[in-house]
1. Restricting to the range 305-325, name every residue that is exposed (fewer than 14 other Cβ atoms within 10 Å of the Cβ) and either over 17 Å from Thr287 (Cβ atoms) or in the same structural domain as Val53 (by TED's automatic domain parsing) (or both).
2. Out of all the residues in the range 249-307, which are more than 17 Å from Leu369 (Cα to Cα), out of contact with any Gly (no Cβ under 9 Å at 6 or more places or on another chain) and among the hydrophobic types (A, V, I, L, M, F, W, C)?
3. Tally time: how many residues in the range 88-112 are modelled with pLDDT of 80 or more, in contact with a strand residue (DSSP E or B) (Cβ under 9 Å, 6 or more places away or on another chain) and not in a strand (DSSP E or B)?
4. Output the residues belonging to the range 19-34 that are farther than 22 Å from Ile368 by Cα and hydroxyl-bearing (Ser, Thr, Tyr).
5. Condition (residue is in contact with a Phe, Trp or Tyr (Cβ under 7 Å, 6 or more places away or on another chain) and either buried (at least 22 other Cβ atoms within 10 Å of the Cβ) or closer than 23 Å to Glu36 by Cβ (or both)) applied to the range 326-339: is it met by at least one residue?
6. Out of Lys166, Lys191, which single residue is more than 30 Å from Gly74 (Cβ to Cβ), within 35 Å of the chain's Cα centre (by Cα) and not polar (S, T, N, Q)?
7. Return only the number of the condition from (1) without any contact (Cβ under 8 Å) to a residue 40 or more places away in the chain; (2) buried (at least 19 other Cβ atoms within 10 Å of the Cβ) that Tyr242 does not satisfy.
8. Go through the range 1-87 and tell me which helices (runs of 4 or more DSSP H), entirely inside it, have 3 or more residues that are more than 21 Å from the chain's Cα centre (by Cα) and within 19 Å of Thr204 (Cβ to Cβ).
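The values are calculated or read from the model by the stated rules, or taken from the named source; none is laboratory data. Worth saying up front: this structure is predicted, and the values here are computed from it rather than measured. Counting neighbours? That spans all protein chains shown, and the Cβs are built from the backbone with ideal geometry, glycine included.
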Amino acid sequence: MQIFRDTNFDFMGNKWPLIGLSLLLTVAGLVSLVIEGGPRYGIDFKGGTLLYVKFSEKPSEESVRSALSKKIPGEISVVAVQGTNELMIQTEIRNERELQSTRQAIEDTLASVFGSTPDKLNFTGAAAARVYERLNLPFQRGGVFIADDDLRKLVTEMLSFRDKQKGGMLGNLDELGKVPGVTPQILTVIKQESYLGKYLVRNTEVVGPRVGSELRTKALLATLYALAGMLIYVGLRFEFVYGFAAVIAVFHDTIITIGLFSLFHKEISLTVIAALLTLVGYSMNDTIVVFDRIRENLQRGRKGDMTEIVNRSINETLSRTIMTSGLTLLTAISLWLFGGQVLNGFAFALTVGILVGTYSSIFVASPILVFWQDFMKKRGDNQKSGGAPTVGNAAKKIAAK
């Protein structure tokens, strides 16, 4: 399927304004990284405590942040998860000993802000063992006679109803009357012994600073190994200058993407690194498609200088580029807009990477080939005019492969 047929856009003739745009974005990103003191790492890389907390009603971010700041030193991030009654609470840590104490301090602070009843069971976040232990004797005192195994089964069914059908939070305790086996007498005892908390800690992530440092190092090595492997592959398949051009284009994509993360004050997490590695492979694949068409046109002995051949090759692969990049971009944009806070960084990296990667295959990698061929041609002409042996044209070498 082709969207464009017999196009003849002069990509190489219009390369300088776009190369200037690349330089501008690269410099802006690097300056931002210098001012910010490097990328803004997420909890995966710098260590800390991250809690996802669901509330019965929409909470006040400022009140939670203010309360936590009084109890926990250092930077505290409180971000609302779009479209939900959830907050994402993140704190930094300075050493391993602070991990559990920081988490407990967050939960204690939430309890003080949103209220708790220490002498009663918080049915919202209670585990099965805790519910069983708390209700066993009150059931007996209230005249509810139920076998031990039946009680354990009933507790399991009540919590299953709470978690699977109500998302972990009941609107009121009367809703438990829908659970098979919960009689009015049982429900009365539950109401006497329990209350519904106004929040629920849905997920907790705790990462030590030493682990975060190791993850940073491994993420950097993974990216460098990927680039080195691609340089070797493209160098063997085509010629070293082709591999060099492809890797420069990928470096260009990665630097601009990380720079935009810094400019927009976004955190780099493990999922963002996964997105960066994905776009490295995506950008390289798009560049190889263009290079492969350049090689085919050279092998066929197409007329024209290197600029004309590169222009023709890009035009011939334009439909394929628009189809693959365009459809993938639509998916990435959908994740960015509707994927929620957890996927925001990943989707943003993919969206920027696809745009920049597609652009760099045309306006970064391809011009490098043209510059190299022009340089080799001038060098050969100079040596020829001076009586020295002519240096072989690299385009002929690649066509012969």
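1. Residues of the range 305-325 that are exposed (fewer than 14 other Cβ atoms within 10 Å of the Cβ), as a first pass: 305, 323.
Across the range 305-325, the qualifying residue is only Asp305.
2. Matches in the range 249-307: Phe264, Ile273, Ala274, Leu277.
3. The number of residues fulfilling the criteria is 5.
4. Residue satisfying the conditions is Ser32 alone.
5. Yes, some residue in the range 326-339 is in contact with a Phe, Trp or Tyr (Cβ under 7 Å, 6 or more places away or on another chain) and either buried (at least 22 other Cβ atoms within 10 Å of the Cβ) or closer than 23 Å to Glu36 by Cβ (or both).
6. Values: Lys191 fails: within 35 Å of the chain's Cα centre (by Cα).
Matching residue, one of Lys166, Lys191: Lys166.
7. (1)
8. Values: elements: 15-36, 43-46, 61-71.
Of the helices (runs of 4 or more DSSP H) lying wholly inside the range 1-87, those with at least 3 residues that are more than 21 Å from the chain's Cα centre (by Cα) and within 19 Å of Thr204 (Cβ to Cβ) span 61-71.
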